[in-house]
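What follows is a short report on a single structure.
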Amino acid sequence: MAGSVVAAPKNDDFHPHPVKDQLPGVDYCVTSCPNWRAYFNLSSLCMRILAFYTSSLFFPSACVKFYVFGSEIDDCNAAEAIILGFQHYVVMLGMTVIIPSLLVPLMGGGNVEKAQVIQTLLFVTGLNTLLQSLFGTRLPVVMGGSLTYIIPTTAIIFANRYSFIIDPHQRFLRTMRGIQGAFIAASLFQILIGFLGFWRNMIWSLSPLSAIPLVTLAGLGLYRLGFPILAQCVEIGLPELILLLLISQYLPRLITSRKSIFERLAVLLSVAIVWVYAHILTAAGAYKNKSPKTQFSCRTDRSGLLAAAPWVRVPYPFQWGAPTFEAGEVFAMMAASFVSLIESTGTFIAASRYGSATHIPPSVLSRGVGWQGMGTLLNGFFGTVTGSAVSV
């Protein structure tokens with residue numbers, strides 16, 4: 001028919017999505033071996049960055065470029081990485097403090113023991129994160145404490161073999177040794193299924209649809225303890241929650257920024273503002289006539305950790321004594337460690353997706369699980385009352 005337009009033939013050829021850069025400007029690959037030579041240059045890089053920031057306090061200047069792993073990185077990116085790393089530290093610090101604060105008093109420990117366990121957990125968390133970053137999945141994750149281990153740890157604390165101990169400090173030491181033994185035995189389970197490839201064979205059958213519940217469970221596990229703790233001091237917890245939503249979701253729509261400052265630093269900004277608000281309420285005497293439980297939850301000067309913690313303390317293996325082993329406790333801890341592996345696998349997948357990385361091969365996930373078991377083994381050696389899991 002004259003004047004009619006003939007439609008172009010439909011192209012049914014498959015065109016895959018373009019592969020995204022995993023970390024722009026950094027020589028990083030999930031599946032490749034680490035560049036061993038570059039790690040020996042980290043100390044000189046840190047000294048150069050430290051020297052630059054020290055001089056920039058007195059002589060402000062433009063961005064200066066460094067070269068790491070053969071790639072060009074300027075000091076502005078390094079400053080951004082330091083700030084974001086500190087924000088991640090603040091996020092995981094809450095979990096690091098909550099777990100010993102819940103368990104150590106049940107074991108018979110006071111503020112001194114609680115401060116020592118928190119220091120030990122922070123130290124071991126740093127070691128586990130380095131191991132996972134250098135040898136494991138090498139994803140931008142932190143290996144912190146896990147709430148999954150609270151139930152079997154609580155069962156060990158209330159075991160009959162510790163009920164006859166009258167002295168609180170001795171009860172704390174004996175209970176800690178039993179927890180250490182359970183974690184050491186449970187870590188061998190994670191190490192074996194990770195390094196021997198059993199977890200890799202399980203991951204082969206893991207589709208994106210079946211990975212969604214894993215990622216969801218990794219986040220929903222925090223609601224069980226998060227909201228009850230928030231309810232203990234509503235006048236502090238509720239403003240923090242509202243302010244976090246405002247800064248991360250609504251403020252970027254009103255104030256545009258090239259570097260997405262409000263979306264990326266929402267936790268750091270909201271925590272700083274609400275802590276100042278809580279300190280003002282404490283100094284103004286808003287909680288003078290409240291119950292001790294309310295004062296402990298709301299005041300900024302009632303934790304007792306700063307006064308009990310030494311200025312410098314280096315944890316060391318078996319600092320609480322030789323571990324003890326009980327078969328029932330070991331099997332209960334192994335079950336919790338399996339649940340932790342499922343949550344960590346979902347978190348690994350989420351971290352790679354949000355980091356603009358390609359899909360993680362099953363072999364890399366299995367390797368990360370094996371090094372997570374090594375981290376749980378370190379938790380058992382040092383005595384941290386909890387095991388290792390992935391935090392993002």
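Laid out as a table, the results:
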| quantity | calculated |
| --- | --- |
| For HIS169, solvent-accessible area (1.4 Å; no DNA, RNA or ligand), Å² | 80 Å² |
| FRET efficiency, 1/(1 + (r/R0)^6) with R0 35 Å, evaluated for LEU238 and ILE165 via beta carbons | 0.30 |
| Candidate residues ARG302, ARG367: accessible-area rank, largest first, probe 1.4 Å | ARG302, ARG367 |
| Summed residue charge, Cβ within 13 Å of ILE236's Cβ, Lys/Arg positive, Asp/Glu negative | +1 |
| Shape category assigned to the stretch 83-391 from the gyration tensor of Cα positions, a/c cut at 1.5 | oblate |
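The values are calculated or read from the model by the stated rules, or taken from the named source; none is laboratory data. In this text, all values refer to a predicted model and were calculated from it rather than measured experimentally. In this analysis, Cβ positions are derived from the backbone assuming ideal geometry, glycine residues included, and neighbour counts consider all displayed protein chains. Just so you know, the surface numbers come from the protein's heavy atoms only, side chains and all, with ligands and any DNA or RNA stripped out. Shrake-Rupley method; radii C 1.70, N 1.55, O 1.52, S 1.80 Å.
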